[in-house]
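J.: First the structure, which I've put down as structure tokens, then a few questions once you've had a look.
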Amino acid sequence: MKYAKLIAEKREADVVMRLLATKMEMGDIVRRSSVGKLAREIEAARILEETDMPSDVVRLNSIVTIYSTFNGRQTFQIVLPSRSDIAEKKLSLLSTMGMALFGYATGDEVTWDFPSGRHNISIVDVEQPSGVEA
């Protein structure tokens, strides 16, 4: 892990924790496990102010390129659930993939449980679009 622990921006961490709290008991066992794992990671994360956030950390509205052995190379944007649109490659933060990537950085390898099993994901690139509000 590039920064030794998960990194999150203070305001986004609060938003994500509120969203996760509403989803704790919903979905199948893999989804509930993902919600719990991300909540624990955020609780232990290094929480930073907006001005101190590294630009290579996956956060709300980040455009992320990953590589995994189960889906190859993909690029998508991590967004709030209300803005999710697979056709536009906008992936909900509360999707299993969104939860797996949040707070990690370019170069990190993430191991996460998906409905299809445990997979390793390499974060190839992270971009922060300008002028996008969470």
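Every number in this text was worked out from the coordinates using simple rules, so none of it is lab data. Predicted model, so just to flag it, every value in this text is computed and none were measured. Reconstructed Cβ throughout: ideal geometry from the backbone, glycine too, with neighbour counts over all protein chains shown.
J.: Short version: ³J(HN,Hα) in whole Hz for each residue of region 87-101, in order, from phi by Karplus 6.51 cos²θ - 1.76 cosθ + 1.60 (θ = phi - 60°), x for Gly and Pro, what are they?
T.: 4, 9, 6, 10, 9, 4, 4, 8, 6, 4, 5, x, 5, 5, 9
J.: I'd like the Karplus ³J(HN,Hα) series for region 78-83: coefficients 6.51, -1.76, 1.60, θ = phi - 60°, whole numbers in Hz, and an x wherever there's a Gly or Pro.
T.: Result, ordered by residue: 8, 10, 4, x, 5, 9 Hz.
J.: I would also like to ask the following. What FRET efficiency comes out for GLU50 versus GLN74 if R0 is 35 angstrom and r is the Cβ-Cβ distance? Round to the nearest 0.05.
T.: Efficiency for this residue pair is about 0.80.
J.: Next question. Which of the residue pairs LYS2/LYS89; LYS5/LYS37; LYS5/LYS89; LYS5/LYS90 have a Cα-Cα distance greater than 24 Å in the structure shown?
T.: LYS2/LYS89; LYS5/LYS89; LYS5/LYS90
J.: Same structure, new question: Dipole of region 7-127, Cα-centred, from +1 at each Lys and Arg C-beta and -1 at each Asp and Glu C-beta, to the nearest 20 debye?
T.: It comes to approximately 420 debye.
J.: Still on this structure, I have one more. Taking the Cα-to-Cβ direction at ASP85 and at SER130 and moving 7 Å from each Cα, how far apart do the two end points lie in nm?
T.: A separation of 2.3 nm, rounded to one decimal place.
J.: Quick check: from the Cα gyration tensor, does the chain come out rounded (a/c under 1.5), prolate or oblate?
T.: The shape class here is rounded.
J.: Using the Karplus curve 6.51 cos²θ - 1.76 cosθ + 1.60 with θ = phi - 60°, what ³J(HN,Hα) values do you get for each residue of region 39-48, in whole Hz, with x for Gly and Pro?
T.: Per residue, the Karplus-derived 3J(HN,Hα) values read 4, 5, 5, 5, 4, 9, 6, 7, 9, 10 Hz.
J.: Here's a follow-up. By DSSP, what percent of the beta bridges with both residues in the chain are antiparallel, rounded to the nearest 5?
T.: Looking only at bridges with both residues in the chain, the antiparallel portion is about 75 percent.
J.: Please sort 97-104, 111-118, 30-37 by packing, taking for each peptide the average over its residues of neighbouring beta carbons within 10 angstrom, highest first.
T.: With the highest mean Cβ count within 10 Å placed first, the list reads 97-104, 30-37, 111-118.
J.: Further question on the same structure: Points 7 angstrom from Cα along the Cβ direction at ILE29 and SER122: gap in nanometres?
T.: Modelled inter-label distance: 3.2 nm.
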